[in-house]
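Any read-out appearing in this document is the output of simple, stated calculations on the displayed coordinates, not a laboratory observation. This structure is a prediction, so every number in the text was calculated from the model and none was measured. Positions of Cβ are backbone-derived with ideal geometry, glycine not excepted, and every protein chain shown enters the neighbour counts.
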């Protein structure tokens with residue numbers, strides 16, 4: 001029997017809590033090992049989820065959440081605020097002590113800090129090399145990291161795009177089947193946009209690669225763009 005999934009809850013924005021609860025309850029929640037990275041503990045409280053471990057300097061926890069954490073007796077790895085890694089990185093360092101399996105990361109994408117989101121995705125690369133199957137579930141996007149030789153099958157998602165972003169110097173033997181634009185054994189290199197903005201068909205999508213690591217990104221195709229003069233877009237950004 002495979003080891004239970006690991007759910008890592010970070011402090012960033014989540015998808016609709018109801019959707020997260022329904023998905024994880026159905027697939028992974030009952031047996032998962034749950035790690036909260038700092039303020040991710042507040043998300044756990046909102047979802048009624050008791051973490052098995054909390055990691056962080058706790059600088060983003062409200063006093064009420066901190067009090068509940070102390071009272072619950074949950075194992076805590078408390079970090080100094082003067083640290084040389086993020087809370088999420090420290091949490092991942094604890095995750096890798098377990099045998100490789102499925103890792104679902106919540107609250108790591110879509111926040112106000114682009115650097116934190118990028119760092120979170122790149123922090124998953126060593127785990128992908130070790131055989132972890134990693135999914136980042138954000139408010140709008142989902143990202144899977146897949147390492148070659150390996151692959152991913154996805155059900156059709158009308159109205160969504162799919163992009164392949166190489167996270168290593170080269171991802172070779174890339175195959176896309178069941179999408180509007182298919183590929184057969186090509187190589188994608190750093191900076192290559194050939195895999196960006198594919199479209200789902202009415203068939204399941206198959207993504208495979210022989211070597212390297214790919215980020216498979218899925219999001220709503222109708223995502224709003226920031227254009228000059230658009231509401232909520234600062235003109236200063238276009239100077």
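Here are the numbers for the structure shown:
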item: Residue order, fewest to most beta carbons within 10 Å, for 177, 70, 182; result: 70, 182, 177
item: Exposure proxy order (Cβ contacts within 10 Å, fewest to most) of 211, 168; result: 211, 168
item: For a label point 7 Å along the Cα-to-beta-carbon line of residue 221, residues of segment 138-172 with backbone N under 14 Å; result: 156-163
